[in-house]
Structures are given as structure tokens and as C-alpha cells.
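Visitor: If you scroll down you'll find the structure; I have some questions about it.
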Amino acid sequence: MERTVLKWLSGVIGLLVIVMLFFFSQSMPSQTSGRKSFEEWMTVSMPRPIKEMISGFSLADRNVTRHFMTTAATGKGMPGFNKTLSNKPNSTKGAVDKERAKAKAKAAAKAKNEKAWAEYRAREQAFRARIIAESEKYRKSLIEEANKQMQQDYEEYSEAFKKKQEKKTAGGNSKEETPKEEEMDPAAWKSLVLSQPNSENIQKMLKAFHEGKLDAQTYFEIVETLVRDNNEDRRKMGMWAMTSTFHAQAFTLASHLVVETTGETQTKLKDYMYGYNRSQTLSHLDQVLRGPDMVAAAAAADVITRAVEKLRAGQSPITTERRSNRAVAQGQVLTLESYQRFVPTLQWLSANQGNTLSQWAQNILSQLRTTTTPA
């Protein structure tokens, strides 16, 4: 069986060889017919693109990105790579990117501005809250102290008056003597002025205060009581007594009263406080700035700032009515040089970072150092 298969396969293979030789002989070129030789027939070459195919191929409107790889020997690459090459610039994409960059920068600037304003408003509100809290605390302490002192003075005065009456009843001098001003104690002054706050008694109190016969504490307690009174006439007498004198303690009291009052009284208090911008009263503002009362210190800072801004603008910090010829002759007209007296205090305030007036002091110092008085 196996022999039969082998014989059949041998026959098939032989037949195929004969067929191939037949076709090969028919296709073999001859020298007389001009057909190709066997070597030429067996030569094979790759197809070449025709000219029309080459002209139809182009990189136009295509972006070709070349990636740069460093060599192992030098660790450096060849120049000209790592760039995106474009046969035709894409102007639309560049314009869109530019607009996006502008919008992004604008949004960032807006956010930064809003954040700065929010921080400023927060600081301003915190400062106002501290001012109001300090004002209320100071007002309550003054009222409590004044009530306590007035009660004590009243008891002492009543006791002295009672003894005098007993002495008179026992056979003493029947002629009642009115005490002289220099003999009046604080309780007597309070009893006299608060019971009869007329122009005569106010003038007596002013004279005693300026002559040193009445202490500042008693004087300003009487003034504050009258200014806080609901009666308009008594309130006017108190304002007269306050605005008739310039004193660090008077400015401090006015800085608290101006927050609590309204209308005409508040306007007069503001004018009175601004009136400290005079050569002979600047020392009181300096004293207030160094004091512990932050309400009064902030008010003094505001008064000084307004005056300096007017001088920088070439204006006088005081009204025309107050600029008399006598004041000019005595050299009392203020200039920016007049405010150089505040430099030590401003330096002290600016160095104290915990003080709420630190930044204000730095700004005023800068203005005083870089600006001269206008002619």
C-alpha cells in the first residue's frame, strides 16, 4: 500500500516538472526573436512613483512635531528640535490664546482688588468697633467716678454747712459770710455752678480755672455734666465753658462727647477740636497722641491729617477770621514746618506696630519729610 502511494506521488511530481519545463521553454527568449535573456528575466526592481503621484503629496496645513532626544555620549541634543513646525501659521489660535490670557489677567486683578477692599473694610469695621467700645467704657467710668465724687462732695459740703448752721445757732456770728472764690473747694464749685449755671457763675469758674484756683478734674466734670444735660440752656453753658479753654483733657472729653451728641452741639464740638491747629495749642495734640486714650488719639490724628492736607494743597488750616494781622505778626500762622514738632511722637507711634495709629504715623511722617511748605 505504501509503495503504491509513493509511486503515485513520484508520478505526479514528474508530471509537474515536465509541465514547468514546457512553459519555461516556451517563454525563454531567443537571440533571433529579441526576447529577454534569462538573467534579465530574473531581474526584479521595486516600483517607482510616477511624477503625478509626487506632485499630489504635500505637508501643507499640517503641524509636524519633532521630539528631541539627547545622545548618550554628550547628554546634549541637536539644535532645531523640540519645536512645532507649521507651514502655515494659525493666527486664529494665537488670537484666542491672547484673549484668554487677557481675560485671565483681568479676572485675577479684579479678585485681588476685591480682596484688598474686603480686608480694608474689615480693618475699618474692627477699628470703629474698638473706638466705640473704648468710648463707651470711658464714658461709663467717667459717669461712675463723677457720681461717686459728686455724692462724696455733696456729703462733705452738707456736713460743713450743717456745722456752720449749728455754730450760728449756738451764738456764733449771726452775719452769714459768702465764701470767696479762693476759699471754695471742688464741692462748693459743683454746687454753685450746677445749681445755677448762668453766665456769671460760668465766668467765675473759668477765671478760677485759668488762675489755678480750680483743678482741671473738677472743672471738666462740671463741663461734662452740663454738656450732657437735656436742657438746652444748661447744655449751651457747658459748651461755652468747654470751648473757652484749650487743654489735653478738654480735647479728650470732646472726642468722646462728639460721638454721642448730634446736631448743633456735635458741629460745635468738631469745630472746637479742629481749632487745636494753632501754634500755641499743638502741644496739647502731641500730648493726646502719646496718651492712653485711643479715642482721643484717633481724633487728634484726624485733626492733624486734615490740617496737613490743607497745607500741602496751599491752603490755610484755619479759617480766614482767625488769621488776624496780630497772629501773622507774632508768627502764629501755621506751616508744614510747624508740624515738625510731631516727628518724635510720630516715630514712636510708627515703631509701635501694636498701635492702631502706626500706619497713620508712617504716612504723616512721609508727607512731612518729602513736602515743603507752599509759598
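Visitor: From the backbone phi of the stretch 250-255, what are the Karplus-calculated ³J(HN,Hα) couplings (6.51 cos²θ - 1.76 cosθ + 1.60, θ = phi - 60°) in whole Hz, Gly and Pro given as x?
Guide: Result, rounded to whole Hz: 5, 5, 4, 5, 5, 5.
Visitor: Assuming 0.36 nm per residue, please report the length gained on full extension of the stretch LYS270 to ARG290 beyond their Cα-Cα distance.
Guide: Gain on stretching LYS270 to ARG290: 5.1 nm.
Visitor: What's the extension gain from ASP302 to ARG130 if we count 0.36 nm per residue and subtract their Cα-Cα distance? Before the final figure, lay out the partial values.
Guide: Numbers: separation 172, 0.36 × 172 = 61.92 nm, distance 1.62 nm.
Result for the pair: 60.3 nm of gain on full extension.
Visitor: Would you kindly state how much longer the chain becomes between ARG3 and ASP233 on full extension, computed as 0.36 nm times their sequence separation minus their alpha carbon distance, in nm to one decimal?
Guide: Full extension of this stretch gives 67.6 nm more.
Visitor: How far apart, in nanometres, would the label points at GLU200 and ASN363 be if each is projected 7 angstrom from Cα along the Cα-to-Cβ direction?
Guide: It is 5.2 nm.
Visitor: Between MET20 and LYS213, how many nm apart are label points set 7 Å from Cα along the C-beta direction?
Guide: According to this spin-label approximation, the distance is 15.3 nm.
Visitor: Among the listed pairs LYS104/LYS310; LYS115/LYS270; LYS213/LYS236, which are separated by more than 31 Å between their Cα atoms?
Guide: Working: LYS104/LYS310 42 Å; LYS115/LYS270 34 Å; LYS213/LYS236 24 Å.
From LYS104/LYS310; LYS115/LYS270; LYS213/LYS236, over 31 Å: LYS104/LYS310; LYS115/LYS270.
None of the figures in this text is laboratory data; all of them are computed from the coordinates on show. Keep in mind the model is a prediction, meaning the values are calculated, not measured. A quick note on method: Cβ atoms are made from the backbone with ideal geometry, for glycine too, and the neighbour counts reach across all protein chains shown.
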